[in-house]
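The values are calculated or read from the model by the stated rules, or taken from the named source; none is laboratory data. The model shown is predicted, which means the values in this text are computed figures rather than measured ones. Here the Cβ positions follow ideal geometry from the backbone for every residue, glycine too, while neighbour counts run over all protein chains shown.
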Amino acid sequence: MDHSPRHGWSRFRFRSVWDLDAPPALVYRALERVEDYPRWWPQVRRLESAAGDAATAVIRSALPYELRVTVTELLRDPAGGVLEVALSGDVEGWARWTVRTRGTGTRAVYEQEVEVRRPLMRRLAVPGRPLFRLNHTLMMRAGQRALAAWLAARPAAV
């Protein structure tokens, strides 16, 4: 996460690396199916339909608040292993998955840059920064474990 002043007190940058024992094509297919996230990722509580290539996700990790984030597809490149979305709602910005071969499995890199829009979170952005970072880290760790289990349970169904 970048703490430099040029990014502002309410901006956050995150990067997570998931190493998975599944082929890149299967990992990519699972990650591109946002509608399935609530089935395997416990912190993605529910997904609500929206217009076109957009959906609204309700997300809750360890901290006692839910985020409502509308996810709009920007780029879907299976050959390049890249998925990119715009995020709006309680946070605004973008997120990107980059999926690559790693040994006999896959490395999926998640990058996100957002500005907090929810008023309470904006007020707590500076003092709460370490907690927000920890909350995100815990969510991503749980997501990696959950996706690994999802893929192992249904390798042909993904």
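Exactly one residue out of Val109, Val85 is in a strand (DSSP E or B), among the aliphatic types (A, V, I, L, M), surrounded by fewer than 19 Cβ atoms within 10 Å (Cβ to Cβ) and at pLDDT 95 or above: that is Val109. Only residues that are closer than 13 Å to Phe12 by Cα, surrounded by fewer than 13 Cβ atoms within 10 Å (Cβ to Cβ) and either touching a strand residue (DSSP E or B) at 6+ places or on another chain (Cβ under 6 Å) or free of Cβ contacts under 8 Å to residues at least 12 places away in the same chain (or both) were counted in the range 113-153, giving 1. Taken over the range 93-106, the criterion of being touching a Lys or Arg at 6+ places or on another chain (Cβ under 8 Å) and surrounded by fewer than 17 Cβ atoms within 10 Å (Cβ to Cβ) is satisfied by Arg100, Thr101.
If the condition is being in contact with a helix residue (DSSP H, G or I) (Cβ under 6 Å, 6 or more places away or on another chain) and of a type in the set (Phe, Trp, Tyr), then the range 33-87 contributes Trp40, Trp41.
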